[in-house]
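Worksheet for the structure shown next.
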Amino acid sequence: MNSKKAEMAEQFISAIPHCKALGMKLTGIGDGFAEMELPYDLRIVGDPETGVLHGGAVSALMDTCCGAAAMSHPASPATTATIDLRIDYMRAATPGQTIRTRAECYHITRSVAFVRATALDDDPDRPVATAAGAFTVGGLK
Amino acid sequence: MSFKRPEPVQVVKQRRDGALNALVHGVPYVQFLGIEFDRRGDELTALMPFDEKLIGNPMLPALHGGAIAGFLETTAVIGLAWSVLWEDIESGNIDTEELAIGHLPRLPKTIDFNVDYLRSGLPRDAYARAKVNRSGRRYASVHVEAWQDQRGKLFAQATGHFLMPVGEDD
């Protein structure tokens with residue numbers, strides 16, 4: 001993937017209102033993979049007693065990152081929609097830490113892109129969550 | 001003859017709405033998405049009013065899949081917590097005044113959550129209802145349906161598994 005395409009992808013993602021509202025950042029993108037970050041924010045806490053982020057915010061990060069990985073695949077026309085996404089929550093993310101995720105599109109057909117992702121906080125050996133999903137190749141319908 | 005007069009309707013409503021309010025408004029992320037709950041008896045309908053910050057595709061425009069997932073997960077967790085709390089709220093085992101000042105019961109934890117996106121989310125209000133298919137001592141399974149204009153035309157559905165909070169006596 002050339003740097004022009006990567007720059008376009010970054011602009012595209014930073015223009016998504018929901019991603020902007022959550023403060024998500026694209027930190028890397030290449031052929032069939034993407035990396036993103038979600039900074040810790042008190043507005044998206046799911047458990048006020050512990051300060052742990054809500055699973056929904058982690059879902060949004062992983063959904064966006066998986067979509068970006070699907071779109072960045074050389075065989076993709078650079079537009080996609082989520083068909084389904086499954087998230088497994090392994091443990092609570094440590095309060096105060098940025099969540100990082102990397103998604104890869106490990107298989108693509110004419111109609112479907114298969115993507116998986118892992119989310120980490122500052123401990124790289126114990127994932128916070130994993131995701132697996134199917135995405136459309138091109139728009140819906 | 002012992003006959004217990006039913007409580008006045010306002011007392012019943014206040015207790016139930018107070019408990020629900022505490023549950024919903026105590027979570028920052030639920031506030032961030034702007035989710036509210038409508039209660040009819042013990043039946044809850046979640047409502048996510050449209051907001052610009054929920055948009056994931058500005059071209060269409062369509063709601064963000066992550067916002068939809070967050071909406072469905074919230075509906076499932078609150079619905080599950082509510083179904084477990086209901087007995088305690090009704091019998092007075094739970095002090096709703098304590099709930100109101102932020103002493104929330106521990107909420108169920110999501111183990112996994114699987115969302116099907118059936119059609120793109122329109123830039124409009126969205127509604128969802130959760131159905132607790134199994135609720136055991138440790139694990140629960142919940143299904144959620146979400147729609148916008150027509151109840152029968154779902155735009156997303158989800159199934160999730162949850163770990164129940166450990167009680168005092170465990």
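The values are calculated or read from the model by the stated rules, or taken from the named source; none is laboratory data. Only a predicted model underlies this, so the values are computations on that prediction, with no experimental measurement involved. FYI the Cβ positions are ideal-geometry reconstructions off the backbone, even for glycines, and counts take in every protein chain you see.
What the table below lists for this structure:
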read-out: Residue under evaluation A:E7, criteria (1) under 21 Å from B:L54 (Cα atoms); (2) among the acidic types (D, E); (3) away from chain B (no Cβ under 14 Å), criterion not met; value: (1)
read-out: When residues of segment A:13-46 are limited to those that are under 15 Å from A:D121 (Cβ atoms) and facing chain B (nearest Cβ under 7 Å), the one surrounded by the fewest Cβ atoms within 10 Å (Cβ to Cβ); value: A:V45
read-out: Segment A:118-141, residues that are more than 14 Å from chain B (Cβ to nearest Cβ) and either among the acidic types (D, E) or assigned to a strand (DSSP E or B) (or both); value: A:T118, A:L120, A:D121, A:D122, A:D123, A:D125
read-out: Residue count, segment B:85-100 (criterion: crowded, with 17+ Cβ neighbours inside 10 Å and either modelled with pLDDT of 80 or more or at the interface with another protein chain (Cβ under 10 Å from one of its Cβ atoms) (or both)); value: 2
read-out: Single unsatisfied condition, B:H103 versus (1) within 14 Å of another protein chain (Cβ to nearest Cβ); (2) buried (at least 17 other Cβ atoms within 10 Å of the Cβ); (3) farther than 15 Å from B:K131 by Cα; value: (2)
read-out: Subset of segment B:50-96 [of a type in the set (V, I, T) and farther than 17 Å from B:G34 by Cβ]; value: B:V84, B:I89, B:I94, B:T96
read-out: Verdict on A:A81 being touching a Phe, Trp or Tyr at 6+ places or on another chain (Cβ under 9 Å) and either over 19 Å from A:F114 (Cα atoms) or more than 7 Å from chain B (Cβ to nearest Cβ) (or both); value: no
read-out: Residue check for A:E49: touching a helix residue (DSSP H, G or I) at 6+ places or on another chain (Cβ under 8 Å) and either under 30 Å from B:L99 (Cβ atoms) or outside any loop (DSSP other than H, G, I, E, B) (or both); value: no
read-out: Spans of strands (runs of 3 or more DSSP E) in segment B:1-68 with at least 1 residues surrounded by 12 or more Cβ atoms within 10 Å (Cβ to Cβ), within 14 Å of another protein chain (Cβ to nearest Cβ) and out of contact with any Pro (no Cβ under 9 Å at 6 or more places or on another chain); value: B:43-48, B:55-57
read-out: Residue list for segment A:58-117, filter: touching a Cys at 6+ places or on another chain (Cβ under 9 Å), of a type in the set (V, I, T) and in a strand (DSSP E or B); value: A:T82, A:T101, A:V115
read-out: Any hit, segment B:144-151, residues being without any contact (Cβ under 8 Å) to a residue 60 or more places away in the chain and in a strand (DSSP E or B); value: yes
read-out: Residues that are over 15 Å from the mean Cα position of the chain (by Cα) and not in a loop (DSSP other than H, G, I, E, B), drawn from segment A:22-46; value: A:L42, A:R43, A:I44, A:V45, A:G46
read-out: Residue in segment A:87-96 that is more than 18 Å from A:R126 (Cβ to Cβ) and of a type in the set (D, E, K, R) present; value: no
read-out: Identity of the residue in segment B:69-82, hydrophobic (A, V, I, L, M, F, W, C) and more than 9 Å from every other protein chain (Cβ to nearest Cβ), that ends up surrounded by the most Cβ atoms within 10 Å (Cβ to Cβ); value: B:A76
